[in-house]
Amino acid sequence: MEPLENYSTSTSFAVPFEDAQKIILRWDSTASEEARERMIFGGDRQEVDLYLQAVDEIQKSMSSTSISPPSSHHHDQDSNSNKVNSAIQIAMARLEDEFRNILINHTSPVEVDSLFIPDHAPAPASSLNHNTSSVGSSNEFDQEEVGGGDHVDALDPIQRADSSNSSASYRSTSSIREIDLIPQEAVADLQSIAKRMISAGYLRECIQVYGSVRKSAVDASFRRLGIEKLSIGDIQRLEWEALETKIRRWIRAAKVCVRILFASEKKLCEEIFYGIGTAIDDACFMETVKGPAIQLFNFAEAISISRRSPEKMFKILDLHDALMDLLPDIEVVFESKSADSIRVQAAEILSRLAEAARGILSEFESAVLREPSRVPVPGGTIHPLTRYVMNYISLISDYKQTLIELIMSKPSTGSRYSGDPTTPDMEFAELEGKTPLALHLIWIIVILQFNLEGKSKHYKDASLAHLFIMNNVHYIVQKIKGSPELREMIGDDYLRKLTGKFRQAATSYQRATWVSVLYCLRDEGLHVSGSFSSGVSKSALRERFKTFNAMFEEVHRTQATWLIPDSQLREELRISISEKLIPAYRSFLGRFRSHIESGKHPENYIKYSVEDLESAVLDFFEGYPVSQHLRRRSQ
């Protein structure tokens, strides 16, 4: 396109109205194919300056036309006014196209990898995948630990961050970090166009063009961050396992969105529309991000109002902590009055997440108390409910700082005076000074023991019932000792009480099993006396040995299949048994061996040596049947 004849493009001169009109018409894309194919701001800067001066002249003429006094040349005035208005409309249409083109040419999704930096430190508890089971039936307590992993897509940086093999964090997402979304030269051009469009009364068109282009860029960044367009209903219909992965991704993405994307969009609006008019930058910002912001927070809202169940606790706490951390930055980025709804939505979601956590804890307590399984676990080993509950409250202790703030009331417990046989009692006077959260954890342990006591009654063998309680309470003690946070909240006083309980169960087991066996090794009933002599009744002695052998063999056969999973506890109980059994048997054998060996077939009565019994005790509590009969003593 040739420049106007006899006209300088120097920016130091004003453009006369007639020339300005020609310049505007020259770039009328509705009248010229060449004007349609070329963009003013994509070419010579002198051409850009000339066009802007022409627009300024037309706007000046429009102002002077509108304020000039009535005259006899009314027809001429109308003609000039029509020319000015026509030129303004053509110029604004052209500037709108130029504005859109500059935005599009300099708009691209934020590169996720540029925001991403691996961190090889161990992942915090809050980023773990707590793939817990609900407290519905004993079949749901199959796993030793509460946890799990996910398939990792090596091409997806967000999923790489979620990998259980390494943790990752976004660079500088702990605070607001604005980035340049558009080069400064392009920002200056956009500002010069926006100023002229708005002064000519084309504010709405300017905002609409800006918002539509920049919103598309935000949407593209959302897709790269893995933020899907899902309604609240869509989210609530997803399986929890799928949601757990999405929650982890959302937490990471939300930090980028609020602290980088939205903050940078706000900065861009302020740069382009600075000084042009009151709150125009804010209007453009909200036009761009209000929809995406609502989409972002709708996910957390859907989780906060979803059906409650125990396995959701830890992801809800992760969401709560993430949103609590983001809230000050949300208030900064969305500080204007027009953004009230975004700030209010975030605060309400935070409140609902807190309420959901409190409700889940209460429902978990009820579920533990009422867990209905009645089939005894084989061998009196640790019940899956015990494993599940203790792993669960160990994870709760990892969230101590959050939950201490959220859990403000004591648990609703039974009382020793209530007379309710379906609920245990717990007296708070013995636990004075503990936080409400600590009282809830102790209450969970109390109701777990209460449930286990009920389950122990389904064992037909009283010895096995005691062993079952011993195993499970010992496991509770070990889990508390293994978690410094949990131990601090439970306290050593209550821990000692639990330790005393499993030791009492061990004592009760020994009494139930071994008193009758050791009763065979007493002297009473073996001596006979006459008027001239006294001695030992060999028949009574033989019967006593036979009874002992039969009883020990039965105990050995049965209790070898019982199981004490903890090797140290298993060894301690074997030692305790041996300390009672072996000396008693050795003493009995020493006193009466000669009476049996002097008679017929002594091997039918003294079947086992002391060493045989010592060896047999080592078979106890291994959890599988003994492969052979007790080894007979050497002759």
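The values are calculated or read from the model by the stated rules, or taken from the named source; none is laboratory data. All values derive from a computational prediction rather than experimental measurement. Cβ sites come from the backbone with ideal geometry, for glycine too, and all protein chains shown count toward neighbours. Side chains are part of the model used for accessible areas, which takes the heavy atoms of the whole protein and leaves out ligands, DNA and RNA. Shrake-Rupley method; radii C 1.70, N 1.55, O 1.52, S 1.80 Å.
For Gly226, the amide hydrogen comes within under 5 Å of no other amide hydrogen, counting only partners 5 or more places away or on other chains and with H modelled in the peptide plane.
Ignoring any ligand, DNA or RNA, what whole percent of the accessible area of segment 214-341 comes from carbon and sulfur when the probe is 1.4 angstrom?
The nonpolar share, carbon plus sulfur, comes to 51 percent.
Probing with 1.4 Å while keeping every protein chain in the model, the per residue accessible area of segment 448-557 equals 50 Å². Distance between the 7 Å Cα→Cβ label points at Lys229 and Asp492: 6.2 nm.
The overall shape of segment 555-615, judged from the alpha-carbon gyration tensor, is prolate: a/c is not under 1.5, and a/b is greater than b/c. Rg and Dmax, both from the Cα atoms of segment 310-465 and both in Å, are 20.0, 72.
Give Lys246/Lys455; Lys255/Lys434; Lys434/Lys479 a once-over and call out the pairs whose C-alpha atoms are over 31 Å from each other.
Lys246/Lys455; Lys255/Lys434
Here Lys22 is the anchor, and the lysines within straight C-alpha reach of less than 21 Å, apart from those fewer than 8 places off in the same chain, are Lys60, Lys83.
Excluding residues on the same chain fewer than 8 positions from Lys266, give the aspartates and glutamates whose Cα lies under 14 Å from its Cα. Here the aspartates and glutamates satisfying the reach criterion relative to Lys266 are Glu178, Asp180, Asp281, Asp282, Glu287, Asp329, Glu331, Glu335. Placing pseudo-labels 7 Å out from each Cα toward the beta carbon at Asp49 and Gln191 gives an inter-label distance of 1.8 nm. Work from the charge dipole of segment 481-635 (Cβ charges, +1 for Lys and Arg, -1 for Asp and Glu, about the Cα centre) and give the residue of Tyr519, Leu573, Ser508 farthest towards its positive end. The residue sitting most towards the positive pole is Tyr519. Per residue, the accessible area of segment 243-385 comes to 33 Å², computed with a 1.4 Å probe over protein heavy atoms only. Surface composition of segment 425-498: carbon plus sulfur atoms contribute 51% of the solvent-accessible area (1.4 Å probe, protein chains only, all chains present).
Given R0 = 45 Å, the distance between the Cβ atoms of Ile104 and Trp240 translates into a calculated FRET efficiency of 0.65.
Comparing Thr288, Ser397, Thr381 along the charge dipole axis of segment 283-424, the residue lying farthest to the positive side is Thr381, per the Cβ-charge model. The figure for Ser86 is an accessible area of roughly 60 square angstrom, using a 1.4 Å probe on the protein chains alone.
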